[in-house]
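Here is the structure we will look at, set down as structure tokens.
Rule-based calculations on the coordinates, nothing more; no lab input. What you are looking at is a predicted structure, and each value in this text was computed from that prediction instead of being measured. As a convention, Cβ positions derive from the backbone with ideal geometry for all residues, glycine included, and neighbour counts pool all protein chains shown.
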Amino acid sequence: MADTPAPNGNGAAPAEDQSPAINALAQYAKDLSFENPNAPRSLQPQESGPQINIQVNVNAKQLAEADFEVELTLEGDAKINNEVLFAFELNYAGIFRMRNIPQDQLHPAVMIECPRLLFPFARQIIAEAVRNGGFPPLYIDPIDFVGLYRQKAFEAQNQQGNTPTGPLAS
């Protein structure tokens, strides 16, 4: 039996891969709620399309040195003339392992890239829940997680700026 050369071609053991990586270890629905409070009246043909409202939130917590649980929460409803046709709430989460990501880029990676990976699955769950509730499926438009991250950072910075701190705070 002949010796097989190492993958790097020089007979030496390959060096550990140092490239940045995000690995999804698990994904799951933590909470799902769908309400159709005015059925069957809400299922009748409507003269106009509903007004759809959607709120998005992202939270994360560190589970181990390189592992994070990231939760993507999508809440929304559809109304016509302030009457609710349907409402939903989904808390969809994943466990992610972050490898070789510089410390200064870790927070944005967790809060932008992880929800970006979760979103297509959460979107499908909501579309199916709305369809199963008797309505056409609701396919939520893609979310700008970079913009959401910047908005949250701006709000946090303004909150800190409005709160007196330091030796002169009373």
Note to self: So for segment 36-51 (the condition being polar (S, T, N, Q), within 15 Å of Gly134 (Cβ to Cβ) and without any contact (Cβ under 8 Å) to a residue 24 or more places away in the chain), does at least one residue qualify?
What the structure shows: yes
Next item on the list: Looking at (1) within 25 Å of Lys152 (Cα to Cα); (2) not in a helix (DSSP H, G or I), find the lone condition where Leu117 falls short.
Entry: (2)
